[in-house]
Amino acid sequence: MDPEDAALLFQCEGPHPERYLIPPWVAYHQYYQRPLGVLFKNSEAWKKDRLVLNQEVMAPESIRNFVPLLEPVSQDFVRLLHRRIQQQNSGKFSGDISDDLFRFAFESITNVIFGERMGMLEEVVDVKAQQFINAIYQMFHTSVPMLNLPPGLFRLFRTKTWRDHAAAWDVIFDKADTYTKSFFWDLRQKRDFQNKYPGILYSLLSSNKLPFQNIQANITEMLAGGVDTTSMTLQWHLYEMACNLNVQSRLRAEVQDARGQAQGDMTKMLQLVPLLKASIKETLRLHPISVTLQRYLSCDLVLRDYLIPAKTLVQVANYAMGREPSYFSNPIIFNPSRWLDKDKNTTHFRYLGFGWGVRQCLGRRIAELEMTIFLIYVLENFRVQLKQFTDVGTKFNLILTPEQPIYLTFLPLKKDTAQV
């Protein structure tokens, strides 16, 4: 399937697009009668929730509210890396930072949702918050074995895979429920936020546009989907920068120039880093979170002279399309500049890192903003290198992950160029 085919597919998704749902996730929600958010809903029920959520997380005026919540988290990540450098006492830090990136992503999404910090980038982290992160990893990890057989069989025989999967979801729902109810109580107490944006949850609760149960369900899904996905993309981005030092230097030069032009105003800086934003697209081209994108057709579709009936599940091979020489010159090369080409003949359906249309990733704007600010601070403060050059493969763990740990080296830049 080429980009033009993908365009035809999405034209046939209808006003209420339906996507493939992960069977073990559906089985858990049905068996334990958990409330459903937009991830699991379809038709008008989906549309009603999604329209409200779009105003909170996709609208430009809402995105601007997230900058002061996300910037301090990236600043704290820089401080964390400096602590790692001091601990190694070698003038640099070398190691696998995947766990640190998970904690960074969790700290970011919780601050945007709740308007409060969880302290996940401190030396001593909250045990219960760490349990939430561990549960998300376990939820993804235990999903894979249940993709090829009916999850009901795993549940019927009470296999360890099913027990671990259900236990992970239990923790996710329990923690999300605790956080949500705590903030609901704050709302009733008329907590004073001193004219600061209080976070997505508080905004949803105070607007009264969705029932409390719907808000709980959607907040839970945003928390569950906002950790592994973002942290994995950042890990791949750091890897590509370490493999391509010339690109890294160009990105750093752009960021430093933007800092000077914006005089430190992050909102202005974000408008001045097109190459950096293109580098995130390039990372997702080479390392998409999902292997495929799926839609159930709302109508019959003729594709490549084949008649595909309505209600058929059709998948776009995201990973394969991103590495196809017919659509990308030198497809294995990490080249962010390719996205700045003004050629009008190139279809945007070549890039589907966050999906497309009204059912694209709900957290897209948050993730893009979070990653851009993170990379700005990393580039301003460190030179990133591979500890040892190695070609890292990819494995399927429901999302695409590195086949082996990625060991990076962070070399601090001179103080006159660093920013915290």
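Bear in mind these aren't lab numbers, they're just calculated from the coordinates by the rules spelled out. Source: prediction; values computed, not measured. Neighbour counts are summed over all protein chains in view; Cβ atoms, including those assigned to glycine, are modelled from backbone coordinates with ideal geometry.
Separation of the range 22-56 from the range 370-420 is 34 Å, based on Cα centroids. Beta bridges per DSSP, both residues in the chain: antiparallel share near 95 percent. Pairs over the 32 Å Cα-Cα cut-off, from the set 128/196; 268/342; 196/395: 196/395.
Quick one: dipole size for the range 3-411, taken about the Cα centre, charges +1 on Lys/Arg Cβ and -1 on Asp/Glu Cβ, in debye to the nearest 20. If you can, show how the numbers build up before the last one.
Values: 46 positive and 41 negative charges, 67 e Å.
The calculation lands at about 320 debye.
The distance separating the Cα centre of the range 178-252 from that of the range 84-105 comes to 23 Å. Between the residues 98, 171, 371, the greatest Cα displacement towards the positive end of the dipole of the chain, with unit charges on the Cβ of Lys, Arg, Asp and Glu, is found for 171. Across the range 324-337, coupling constants 3J(HN,Hα) worked out from phi with the 6.51/-1.76/1.60 Karplus curve, θ = phi - 60°, read 8, x, 5, 10, 9, 5, 6, x, 7, 7, 7, 9, x, 4 Hz, and Gly and Pro carry x. Ordering 80, 60, 109 by Cα displacement along the dipole of the range 28-123 toward the positive end leaves 60 in first place; charges were set at the Cβ atoms of Lys, Arg (+1) and Asp, Glu (-1).
Could you work out [θ]222 nm for the chain from helices alone, using -39500 (n - 2.57) per DSSP H run of at least four and dividing by all its residues? Round to the nearest 500 deg cm²/dmol. Walk me through the numbers on the way to the answer.
Details: 16 runs with 227 residues, N = 420.
Mean residue ellipticity, 222 nm, calculated: -17500 deg cm²/dmol.
Dipole orientation for the chain: of the candidates 291, 6, 210, 210 has the Cα lying most toward the positive pole (charges on Cβ; Lys, Arg +1; Asp, Glu -1).
For residue 18, the residues whose amide H sits under 5 Å from its own are 296, ignoring neighbours fewer than 5 places away on the same chain, with H placed 1.01 Å from N.
A value for volume of the Cα convex hull per residue in Å³ was derived from the coordinates, and within the list (i) 211; (ii) 147; (iii) 156 it appears as (iii). Between the exposed loop cleavage positions of the chain, defined as chymotrypsin sites (Phe, Trp or Tyr not before Pro) in a non-H, G, I, E, B DSSP state with at most 12 neighbouring beta-carbon atoms within 10 angstrom, the longest gap is 194-388. Put a plus charge on the Cβ of each Lys and Arg, a minus charge on the Cβ of each Asp and Glu, and nothing anywhere else: the dipole of the range 146-270 about its Cα centre is then about 300 debye. Amide H contacts for residue 308 (H built 1.01 Å from N in the peptide plane; partners 5 or more residues away or on another chain; cut-off under 5 Å): 301, 302, 303. The GluC sites (Glu not before Pro) of the range 87-125 that meet both conditions, a loop assignment by DSSP and at most 13 other Cβ atoms within 10 Å of the site Cβ, are 123.
Residues 22, 97, ranked from the fewest to the most other C-beta atoms within 10 Å, line up as 22, 97. A Cβ-based charge dipole, computed about the Cα centre of the range 354-420 with Lys and Arg at +1 and Asp and Glu at -1, lands at about 80 debye. For the range 259-267, 3J(HN,Hα) computed residue by residue from phi via the Karplus equation (6.51, -1.76, 1.60; θ = phi - 60°) reads 4, x, 5, 7, 6, x, 7, 5, 4 Hz, glycine and proline entered as x. Shown in residue order for the range 204-221 are the 3J(HN,Hα) couplings computed by the Karplus curve 6.51 cos²θ - 1.76 cosθ + 1.60 at θ = phi - 60°: 5, 5, 6, 7, 6, 8, 10, x, 4, 5, 5, 5, 4, 4, 6, 5, 4, 5 Hz (x for Gly and Pro). Put simply, the amide H of residue 382, placed in the peptide plane, has neighbours under 5 Å in 413, leaving out anything fewer than 5 places away on its chain. For residue 244, neighbours were defined as the other residues whose beta-carbon sits under 12 Å from its Cβ, and their charges (Lys and Arg +1, Asp and Glu -1) total -1.
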